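Trainee: The structure under discussion is supplied below as structure tokens; questions concerning it will follow.
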Amino acid sequence: MLSAMFLEHSTEPVEGRNDEYTLIRDAEDLRLGMYDKPLPCFGCGIGWFSLLLGFDFPFMWYYATILYFRSYYHRDPRERAGLAASAIAAMICTIAVIITIAVLIF
């Protein structure tokens with residue numbers, strides 16, 4: 001009984017017992033997973049690229065907002081945060097324009 005307990009917790013290497021391990025991925029298989037592919041637009045994604053470019057061309061924020069509301073992020077969930085940030089920037093830009101026009105008119 002005592003020797004059976006020590007066999008279960010032995011740290012000695014056991015030769016010929018390869019049946020307990022399974023191969024997770026073949027080393028020669030070069031297929032990439034969904035998240036192994038780099039994001040478009042220099043690797044930062046369409047949303048974050050639109051957010052940065054939107055400071056010079058605000059219509060990029062609206063373009064990203066349209067992509068966000070059309071659920072573009074279902075293709076790649078990594079795009080969701082950047083598209084949401086661009087949608088928020090578009091909303092802030094729109095509110096600023098409305099307030100500016102209201103101040104100028106009234």
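Trainee: Only one residue in Phe42, Phe57 is outside any helix (DSSP H, G or I), at pLDDT 85 or above and surrounded by fewer than 17 Cβ atoms within 10 Å (Cβ to Cβ), so which one is that? Let's see the steps before the verdict.
Mentor: Values: Phe42 fails: at pLDDT 85 or above.
The unique qualifying residue is Phe57.
Trainee: Is it true that Leu67 is within 20 Å of Phe42 (Cα to Cα), without any contact (Cβ under 8 Å) to a residue 40 or more places away in the chain and either open to solvent by 50 Å² or more (accessible area, probe 1.4 Å) or not basic (Lys, Arg) (or both)? Before the answer, list the steps.
Mentor: Working: within 20 Å of Phe42 (Cα to Cα): yes; without any contact (Cβ under 8 Å) to a residue 40 or more places away in the chain: yes; either open to solvent by 50 Å² or more (accessible area, probe 1.4 Å) or not basic (Lys, Arg) (or both): yes.
Here the answer is yes, as Leu67 does meet what is asked.
Trainee: Which residues, taken from the stretch 70-106, are surrounded by fewer than 10 Cβ atoms within 10 Å (Cβ to Cβ) and assigned to a helix (DSSP H, G or I)?
Mentor: His74, Ala102, Val103, Leu104, Ile105 - these are the residues of the stretch 70-106 that are surrounded by fewer than 10 Cβ atoms within 10 Å (Cβ to Cβ) and assigned to a helix (DSSP H, G or I).
Trainee: Residues in the stretch 74-90 that are within 14 Å of Met60 (Cβ to Cβ) and without any contact (Cβ under 8 Å) to a residue 12 or more places away in the chain: how many?
Mentor: 1
Trainee: Is it the case that some residue within the stretch 19-39 is assigned to a helix (DSSP H, G or I), modelled with pLDDT under 90 and out of contact with any Leu (no Cβ under 9 Å at 6 or more places or on another chain)? Walk me through it before giving the result.
Mentor: The initial filter retains those residues of the stretch 19-39 that are assigned to a helix (DSSP H, G or I), namely 19-20.
Filter once more, keeping what is modelled with pLDDT under 90: 19-20.
Okay, now just the ones that are also out of contact with any Leu (no Cβ under 9 Å at 6 or more places or on another chain), so 19-20.
So far as the stretch 19-39 goes, yes, one or more of its residues are assigned to a helix (DSSP H, G or I), modelled with pLDDT under 90 and out of contact with any Leu (no Cβ under 9 Å at 6 or more places or on another chain).
The values are calculated or read from the model by the stated rules, or taken from the named source; none is laboratory data. Source: prediction; values computed, not measured. Ideal geometry is used to build each Cβ from the backbone, glycine not excepted, and the neighbour counts take in all protein chains shown. To get the accessible areas, we keep the full protein, side chains included, count just its heavy atoms, and leave off ligands, DNA and RNA. Shrake-Rupley method; radii C 1.70, N 1.55, O 1.52, S 1.80 Å.
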